[in-house]
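Below: the structure, in structure tokens.
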Amino acid sequence: MGDTLKPKDMDTLDFAMEVYGGNEKIIDGTDLGQVLRACDTNPSMETLEKLGMPKKVGEKKFKIEDIVPMLIQMKKEVKDQGCYEDFIECLKLYDKNEDGHMMAAELSHMLLALAEKLTDDQVDELFEDCLDEEDDEGQIEYDPFLRRMCSLDPPKSKKKK
């Protein structure tokens with residue numbers, strides 16, 4: 001990828017800017033992560049801080065022309081991000097019976113305590129959208145969860161019944 005965005009990526013960014021910034025397409029700096037994630041990137045909190053995302057609402061604003069170079073750089077770096085296969089290998093470490101199952105509590109603990117920690121509300125939302133119910137022993141199948149989380153399958157709330 002060169003120094004420009006593909007038309008599809010530009011359309012996605014334009015739409016995200018409209019969603020988060022209204023007709024002016026100027027977003028509050030605290031929404032930078034949401035906009036970049038809507039554009040199919042996965043910035044860490046450290047990356048967002050380096051890009052100038054403020055901690056408080058109203059401290060900084062971003063226009064579309066401010067975000068384009070950030071998005072171009074993030075698209076170039078996408079190969080360094082984990083993917084479905086990487087996550088499967090990680091969760092296999094918690095699959096004590098090697099049968100595709102792990103404890104839901106362990107998954108929750110990992111998301112709440114390791115690396116870039118999620119909040120309880122974020123974990124609850126993720127589980128609601130992506131996690132099937134636990135069995136009687138507190139076990140879940142981690143493959144369907146990861147497939148939904150990595151957008152390989154639609155979230156449960158969007159599946160046709």
Residue by residue through region 54-59, the couplings from Karplus 6.51 cos²θ - 1.76 cosθ + 1.60 with θ = phi - 60°, in Hz, x for Gly and Pro, are x, 8, 10, 4, x, 6
Residue-by-residue Karplus 3J(HN,Hα) for region 38-44, coefficients 6.51, -1.76, 1.60, Hz, glycine and proline x | 5, 8, 6, 10, 9, x, 7
Long pairs among LYS25/LYS56; LYS8/LYS50; LYS25/LYS60; LYS6/LYS63, criterion Cα-Cα beyond 22 Å | LYS8/LYS50
Hey, could you get me the Stokes-Einstein D for region 7-79, Kirkwood radius over alpha-carbon pairs, 20 °C and 1.002 mPa s, rounded to whole µm² s⁻¹?
-> 178
Would you mind giving the three semi-axes, in whole Å and largest first, of the ellipsoid equivalent to the chain according to its Cα gyration tensor?
-> 33, 17, 16
Label-point separation (nm) for MET103 and CYS90, each offset 7 Å from Cα along Cα-to-Cβ?
-> 1.9
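Could you calculate the FRET efficiency of SER44 with GLU24 from 1/(1 + (r/R0)^6), where r is the beta carbon distance between them and R0 is 22 Å, rounded to 0.05?
Computed FRET efficiency for SER44 and GLU24 comes out at 0.20.
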What number, in nm² with one decimal, is the all-direction average of the projected area of the convex hull of the alpha-carbon atoms of region 84-150?
-> 4.3
Give the long-range amide H neighbours of LYS61: residues separated by 5 or more places, or on another chain, with amide H under 5 Å away, using H modelled in the peptide plane at 1.01 Å from N.
-> GLY29
Apply the Karplus parameterisation 6.51 cos²θ - 1.76 cosθ + 1.60, with θ equal to phi minus 60°, to every residue of region 9-22 and state each ³J(HN,Hα) to the nearest whole Hz, in sequence, with x for glycine and proline.
-> 5, 5, 4, 5, 4, 4, 5, 4, 5, 5, 4, 8, x, x
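None of the figures in this text is laboratory data; all of them are computed from the coordinates on show. Remember, it's a predicted structure, so these values are computed and weren't measured experimentally. Glycine gets a Cβ as well: all are built from the backbone with ideal geometry, and neighbour counts include every protein chain shown.
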